[in-house]
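Structure first, then comments.
We did not get these values from a lab; they are worked out from the coordinates using the rules stated. Remember, predicted model here, so these are calculated numbers, not experimental data. Virtual Cβ from ideal backbone geometry, glycine too; neighbours counted across all protein chains shown.
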């Protein structure tokens, strides 16, 4: 019987192995776009009210900068930009990803309009003094340890002008079983099925994330953990208004 009471951080996702099969890894990145459109729930997470608060911190300007951390092939950033455009906001995209396979796939084709990509870590941008109005990530936190996430949150506080949204899975035996069944047909084609099931077991509960964000303090801004139906959650950060 599997134990879902705590994170299983001993499980390592196949795609995180530098020596993993590059063909299966490329297939996985290509499949992410479809999966994320189905489950990421960005339309419910990024509301008009949130974007108005972000714009207010940008002097009322609705032309905003968007940073996607661990962007893969930029599919989440493009989805968020399209959604924001329907709400009356314009987003200039910057995507960052340290993975060389992701970087080569992104740069092998024309970038989306008004988008840039860098192969780097968020900490690199923080050290450079870069700032962005809206910062997002998808399925990043569960890859990291508690201490690595705290370092990530610290860098988010440094680079975020308006709001940051860390979108991720919520650990649950029901989601684990349902995902495994749904992805069974592609189990050996890519890492999507095996890694997804491992991701769920590595992911946090809302209570665990609330405890973790409390370690950030409140000097720079407000951290919140928001459950998203049915099996997702978002860590949201908004800096204090100066």
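Summary table below
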{"read-out": "Exposure proxy ranking, count of Cβ atoms within 10 Å, fewest first, for 30, 86, 57", "value": "86, 30, 57"}
{"read-out": "C-alpha long axis of helix 146-159 to longest principal axis of the chain, angle in °", "value": "30"}
{"read-out": "Highest-MSF residue in the chain out of 69, 136, 45 [GNM, Cα springs under 10 Å]", "value": "45"}
{"read-out": "Linear extension gain, residue 63 paired with residue 26, 0.36 nm per residue minus alpha-carbon span", "value": "10.0 nm"}
{"read-out": "Global geometry of the stretch 8-94, whether rounded, prolate or oblate, following the gyration tensor of its Cα atoms and the 1.5 cut on a/c", "value": "prolate"}
{"read-out": "Global geometry of the stretch 139-178, whether rounded, prolate or oblate, following the gyration tensor of its Cα atoms and the 1.5 cut on a/c", "value": "oblate"}
{"read-out": "Listed residues 39, 159, 54, most fluctuating in the chain (Gaussian network, C-alpha, under 10 Å)", "value": "39"}
{"read-out": "Residue 17/residue 114 FRET efficiency (R0 45 Å; Cβ-Cβ; nearest 0.05)", "value": "0.85"}
{"read-out": "C-alpha long axis of helix 22-39 to longest principal axis of the chain, angle in °", "value": "60"}
{"read-out": "Ascending count of other beta-carbon atoms within 10 Å, so fewest first, for 120, 216, 71", "value": "120, 216, 71"}
{"read-out": "The chain - mean residue ellipticity at 222 nm from DSSP helices (-39,500 (n - 2.57) per run, n ≥ 4, rounded to 500)", "value": "-12500 deg cm²/dmol"}
{"read-out": "Per-bin percent of Cα-Cα distances, the chain [10 Å]", "value": "7, 32, 38, 19, 3, 0"}
{"read-out": "Which of 181, 152 has the fewest Cβ neighbours within 10 Å, and the rest in rising order", "value": "181, 152"}
{"read-out": "Over the chain, relative contact order from alpha-carbon pairs under 8 Å, at least 6 apart, %", "value": "21"}
{"read-out": "Förster radius 45 Å - calculated FRET efficiency between residue 154 and residue 186, Cβ distance, rounded to 0.05", "value": "0.75"}
